[in-house]
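Student: Just dropping this structure here.
The values are calculated or read from the model by the stated rules, or taken from the named source; none is laboratory data. Keep in mind that this is a model prediction, so the values were computed, not measured. Cβ placement follows ideal geometry from the backbone for every residue including glycine, while neighbour counts extend to all protein chains displayed.
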Amino acid sequence: MAEFTFHTTETEDPKRKALLEKAQAGYGMIPNMIAGLSESPEAAEAYMALSKYFVKGSLTKEQQHVVWFTANAEHGCEYCMTGHTGIAMMDKIDQSVIDSARNVEAYQDPKLEALRQFTLTMIRQRGWASDEEVQAFLDAGYTKQNIMDVIIGIAHKTISNYANHLMQTPLDKGMDALAWKKPA
């Protein structure tokens, strides 16, 4: 298996160094995933840009976490599910939402469950949601703008999920207590 480098700001590549310094300033640390993604500064920049646009979108903070958690669980990304658990806790997302996500269970809230189901449909069917599936999402109280924002969230997580699988990204320092394994 190919081994990937988890770069630091000590890199001699000026573009990579600037990107990692930006990550350090934004996150207060350099997450291992960004350190690995920075093998291609463009990949790391794309991930960070999609993150910025997704959180500015039409979904609430809780709904954003549902999209992230759903993609992470569906793709089986242990690093991202662990990291997003910590972020959700910092964002004061209800513990029942976090627990349902980590257990890959339906949400009690019908609107959040509609979002989870639509996100799964989009991932599993590669965007080929039927008219009925789209209408069910809209009938749950979502909008066409929300549909496009779900797509941004899926793209955002697909970059990190796939990269973490290949890089076998180790958890960041202090995250062991939140480690996640996909339920059987």
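Student: Could you tell me which residue of the stretch 135-151 is nearest to residue 68 (Cα to Cα), considering only residues that are hydrophobic (A, V, I, L, M, F, W, C) and buried (at least 19 other Cβ atoms within 10 Å of the Cβ)?
Tutor: Going through the qualifying residues, I end up with 150.
Student: Which of the following residues is modelled with pLDDT of 95 or more, β-branched (Val, Ile, Thr) and in a helix (DSSP H, G or I): 169, 85?
Tutor: From the options 169, 85, the qualifying one is 85.
Student: Since residue 160 meets every condition but one in (1) over 22 Å from residue 50 (Cβ atoms); (2) touching a residue at least 12 places away in the same chain (Cβ under 8 Å), which condition does it not meet?
Tutor: (1)
Student: Let me ask another. Mind listing whichever residues of the stretch 1-28 are part of a loop (DSSP other than H, G, I, E, B) and closer than 22 Å to residue 164 by Cβ?
Tutor: Answer for the stretch 1-28, where residues must be part of a loop (DSSP other than H, G, I, E, B) and closer than 22 Å to residue 164 by Cβ: 1, 2, 3, 4, 5, 6, 7, 8, 9, 11, 13, 28.
Student: Separate question: Out of all the residues in the stretch 46-63, is one or more basic (Lys, Arg), under 24 Å from residue 162 (Cα atoms) and in a loop (DSSP other than H, G, I, E, B)?
Tutor: yes
Student: Quick one: which of 109, 149 is among the charged types (D, E, K, R) and either more than 17 Å from the chain's Cα centre (by Cα) or under 18 Å from residue 97 (Cα atoms) (or both)?
Tutor: Result of the check over 109, 149: 109.
Student: Can you name the condition, by its number, that residue 181 falls short on among (1) of a type outside the set (Asp, Glu); (2) surrounded by 13 or more Cβ atoms within 10 Å (Cβ to Cβ); (3) in contact (Cβ under 8 Å) with a residue 40 or more places away in the chain?
Tutor: It fails just one condition, (2).
Student: Moving on. Test residue 106 against the stated conditions and say whether it is over 23 Å from residue 140 (Cα atoms), surrounded by fewer than 23 Cβ atoms within 10 Å (Cβ to Cβ) and among the aliphatic types (A, V, I, L, M).
Tutor: no
Student: Of 97, 55, 66, which residue is more than 24 Å from residue 174 (Cβ to Cβ) and either more than 15 Å from the chain's Cα centre (by Cα) or not acidic (Asp, Glu) (or both)?
Tutor: The unique qualifying residue is 66.
Student: Still on this structure, I have one more. Collect the residues in the stretch 29-39 that are within 19 Å of the chain's Cα centre (by Cα) and either in a loop (DSSP other than H, G, I, E, B) or among the small types (Gly, Ala, Ser) (or both), keeping them in residue-number order.
Tutor: Hits for the stretch 29-39 are 29, 30, 31, 35, 36, 38.
Student: If I ask for residues that are under 18 Å from residue 46 (Cβ atoms) and either in contact with a strand residue (DSSP E or B) (Cβ under 8 Å, 6 or more places away or on another chain) or in contact (Cβ under 8 Å) with a residue 40 or more places away in the chain (or both), which ones from the stretch 16-33 would you list?
Tutor: Residues satisfying the conditions are 31, 32, 33.
Student: If you don't mind, another one. Of everything in the stretch 111-134 that's of a type in the set (Lys, Arg) and either touching a residue at least 60 places away in the same chain (Cβ under 8 Å) or in a helix (DSSP H, G or I) (or both), which residue is surrounded by the fewest Cβ atoms within 10 Å (Cβ to Cβ)?
Tutor: For the stretch 111-134, the residue satisfying everything is 124.
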